[in-house]
């Protein structure tokens, strides 16, 4: 079950990020943001390989790492919690135009096979391509597309 | 062992650990001065051999870590240096005692120790002792380094002896089992004689010897020992020590492969002394001899190739070692440190992905409950390591976690300062710079959500840290740069907190410097409000300075010798884009218009908004404004007064929003439109204000070319009326008004205007000049409205066409057509061709009165100002001449002008001509008025040659001439109207209605015929008396005023009697007789000459007789107009002589 799906632009800023539960969005922002280090590393390592033969799927980026860091909680009391309550795995995928997809998957109850993840990314990529084909979409803007939203929602629910 | 040393690196395995500690009361400053000097001696070339000894100094080392000294010898404290103050010999024994106590702590492992005593002098100090050194004070201790070197050499001797002792330890003797603290209880009661146990002892000892070799600078030996140890331990499944042996192997290989060190700055090793620079270089080359090993280490050449691990193997072995360590919970610190060491190695190998795996593992190593401080240290080091492998985001993440840890609620005294410092260090990881300039380029491209969070935390931390200036700066930055990403609610919250902060500490434009050297540039609020366009406004037209023509010409010629050149025009266009082609005036309020809008979802209060300028002393007059929520473009005018002259540049504006002062420079604003920012300020000029006696007009005139009217007055006048306009001129400036010129311009109007519309006399006003500031002068202008008094064209035409209109004389048709062209020449305006008979048509007249004035320093520089007064006159029709015709008067020199006068006003009106009595007209009434006029001799008007050239078009010339005639006639007629009820009066002009035909009749014929009866000139009403029976001489005189010869003519005198009942009796042969012929012949008469015909008449009866002098038709030349042959009829009264008697 995917708990967070993010689309990141070539310049490494988010084009789209969606997570469940929505309240923890900031947490996922951090999670996805830190994953970029690995994505960058993997992409630069792959740069040497032939472009057309390149595998778009990057595989597992990071296993679990769940930190709850908050300085500005409602009462203004800072708190740091380091805990590993559930198994979150981050998978990455990068298109030829260096747009990155990052998916955070909660695998505490179900173990997903690599192939399933791969097909999810492929679906995401197709949907993203559709968004790009929209003549009214400005590349580099945040994605506000209902079709894309629906697809992401279906992916978040589907596998669980 | 529970305290991990996160700074550990692989090279530390070859170092000797020396603890330097103060004893007694030693000031921290002094201690660290000495510590620094001591630790500078970190590597020593031992004696003659080329082996190098590395020393690691610690000023604090937990004794429980020391207990792991057997496991890895670099953890063993082998040397102790104590530093102490001792000022009197009395204290000496006590001090020495303390030294011994200190020695006890690490006693089991110490090879040697030293005591440095400062301050003690005297006999005790003079005793030579090896373990104690005396120095008078902290400044005079030159020999410290030397002492340390000696000390280290003594350490080496012990080390070397131990190494040799253990290395030669053969299986003959019983090998003691080395063990780590937590193992001790496990071995109780174990069979010490088993082969397994022996092997274990052997393996552990090999490993220990390997450690010692490494420390003693015998790298190759150590590799051999480690390999052997690995073999031995693997066979007995002694995993902890196997791990240690593998790690030792890795460390030795790393030292071999990476002589530059892996620990970064912290563990950097100095090159091996200046004496061996060549060797240092050689170490990199495979096959070159290592400095560590010649002579003493014979295994160097043989062992290297097979014993030393390849870089890939190092990682594999590290992995293996760590996996063994992880089997033991108590070896967590060892595992953690191994991970850290491996990461450092991988960082050098640039294998970030694998390094991250090691780090990931390190993160999971759960040590016992860590203290808060240790947690901070742990997170910081993780962050540093991630930084090392190029994972900046991850590094920033952990740094932020560390920062949060600093202020965790469990900490009694939260370290906000440390937290803030750590947070600042995370900035690059989140690709955030605190310079707002970096955000000016295009749209913001960053991970806004996390950046915003970080900024919020910075604000919070700086506030708690007690530095409100910093929090204001950060909050301003947040608001300025992240505005697009803030939700409406967030915008509100942020601004509210900003306002509350600034109430204590207003935001400034100063650079904030942090103690650690970071500078926080000021954050101008260029988005609150957003300025879209900046436009420098010209002064209002009435205050606009203008250059005198002559000087302007000079300027132009200085630029280029050409009147026009496309190249220059192009250049000028570029120039214009920067410089503005109008001027401001010193001392006058100047305006700059900004188009702003408020992006906030609430009302934005902008205070103290003013201009930033340079070049000229400028007094800015700040404005405060309040922009409605999410307003559209909103114009704001900023004003100021230049106080000196020169070039002024508008660089930007300043604002105070939410208590933050901002200086926004135009250069740094993205997407701003401007018409240039540099303006010339010219010297001060006076200011003229005019007020008039007439009411101001709401209507503004639409001037043709660029003029702007400052004041408008309006007045309603009847056609023909004259009104006096008093203008008060007041100098409201600060400079004397020295010069004034007045011109007027009548705006193009469809109406034909007669006479001077505006007239004035300037001399009286100029007599009051120069006008000092605050003084007033008056100026009078006469407004005279004299429009066409003819009524609507079509109406007139109707009258014309009815055949009887023009004159009683029979006319041939060609003359009629002469009238037409005037009709056609008038523009046909559809709106004006209203229904015939609509007389109450109000016409408007507009004129501009221009006052050019100058004075003061501006005048010297050749500038003047132009003030325009718009005059708007509504001309209501007063009277109309609906029809005009002439009747010949009794005299041929005169004629009657018949005017049908129509009163179009709603009041009773009287009209009078030159000598006639007044004619009273009721509203809407039309009456005929007859005026007897002398005929005019138009030919006598001078025609200046200038006029001729001016009107080359004959038609124009003709019109001009006709106008002149009209004027002449009008002045003779002098028709006035008067509305008694309104007490208004004026004149009426016939100029416009006189057509060609009427003019013909009013004109004196060029042939002047004079008929003299009895020597007396006979004309219309003159009755010539004569006696019956007496011959009366009749003389007909012709004077030719025309320009050509005329004649010959034949004239016949026909007498008749008028019975006054329409019957003329021509049968008078028996009553009158002619003496001589009754027919006269006149030969051709040349111009200006005259010809006289004489005859005589004899009346036989009394009575009234008339003489009709007729031309013989055949003799009259056809080409001359009929009216030329208009002879007076002669009235003769013949009286009987008896009656007289």
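At a glance:
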{"item": "20 Å cut-off, amide nitrogen to a point 7 angstrom out along residue B:607 Cα→Cβ, residues in the stretch B:498-532", "result": "B:498-510, B:523-530"}
{"item": "Extended-chain gain in nm, criterion 0.36 nm per residue less alpha-carbon gap, residue B:744 and residue B:165", "result": "196.1 nm"}
{"item": "Overall Cα dimensions of the stretch B:32-130 - principal axes, largest extent first, Å", "result": "43, 34, 23"}
{"item": "Fewest-first sequence of B:690, A:117, B:334 by Cβ atoms within 10 Å of each Cβ", "result": "B:690, A:117, B:334"}
{"item": "Shielding score for A:26-34, defined as the mean number of other chain Cβ atoms within 10 Å", "result": "5"}
{"item": "Potential lengthening between residue B:490 and residue B:934 on full extension [0.36 nm per residue; Cα-Cα distance subtracted]", "result": "150.2 nm"}
{"item": "Estimated FRET transfer efficiency when R0 is 22 angstrom, pair residue B:619-residue B:768 (beta carbons, to 0.05)", "result": "0.10"}
{"item": "Residue-averaged beta-carbon neighbours from other chains (10 angstrom radius) around B:59-70", "result": "0"}
{"item": "Förster radius 35 Å - calculated FRET efficiency between residue B:649 and residue A:144 (Cβ-Cβ, nearest 0.05)", "result": "0.20"}
{"item": "Cβ-based exposure ranking for A:125, B:859, B:907, B:13, in which fewest neighbours within 10 Å come first", "result": "B:907, A:125, B:859, B:13"}
{"item": "Residue B:519-residue B:591 pseudo-label distance in nm [points 7 Å out on the Cα-to-Cβ vector]", "result": "4.0 nm"}
{"item": "P(r) tail fraction, the stretch B:119-244 - alpha-carbon pairs more than 25 Å apart, %", "result": "45 percent"}
{"item": "Pairwise centroid distance, computed over Cα atoms, of the stretch B:481-533 with the stretch B:393-423, Å", "result": "23 Å"}
{"item": "Two-site label geometry, residue B:850 and residue B:435: point separation in nm, points 7 Å out along Cα→Cβ", "result": "5.4 nm"}
{"item": "Nearest-0.05 FRET efficiency for residue A:157 and residue A:114, computed from C-beta distance (R0 22 Å)", "result": "0.60"}
{"item": "Label-zone membership for the stretch A:30-46, site residue A:56, 7 angstrom Cα→C-beta point, backbone N under 16 Å", "result": "A:43"}
{"item": "Order of A:122, B:417 - criterion: other Cβ atoms within 10 Å of each residue's Cβ, fewest first", "result": "A:122, B:417"}
{"item": "Between the stretch B:1-40 and the stretch B:582-613, the alpha-carbon center distance in angstrom", "result": "63 Å"}
{"item": "Added length on full extension, which subtracts the Cα-Cα distance from 0.36 nm per residue, residue B:860 to residue B:1101", "result": "77.5 nm"}
{"item": "Point-to-point label distance, residue A:46-residue B:98, nm (Cα→Cβ direction, 7 Å offset)", "result": "6.5 nm"}
{"item": "Peptide ranges B:470-476, B:1063-1069, B:376-382, B:76-82 listed from the most packed, as the mean C-beta count within 10 angstrom indicates", "result": "B:470-476, B:76-82, B:376-382, B:1063-1069"}
{"item": "Per-residue mean of C-beta atoms belonging to partner chains within 10 Å, peptide B:388-400", "result": "4"}
{"item": "Cα gyration tensor category, rounded, prolate or oblate, for the stretch B:633-687 with a/c compared to 1.5", "result": "prolate"}
{"item": "Largest to smallest principal axis extent of the C-alpha atoms in the stretch B:1-43, angstrom", "result": "34, 28, 14"}
{"item": "Alpha-carbon centroids, the stretch B:85-120 and the stretch B:1018-1089: separation in whole Å", "result": "168 Å"}
{"item": "Percent of alpha-carbon pairs separated by more than 20 Å within the stretch B:471-548", "result": "51 percent"}
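Laboratory data are not the source of any read-out in this text; all were calculated from the coordinates shown. Predicted, not measured: the structure shown is a model, and the values here were computed from it. Cβ coordinates were reconstructed from backbone atoms using ideal geometry, including for glycine residues, and neighbour counts include every protein chain displayed.
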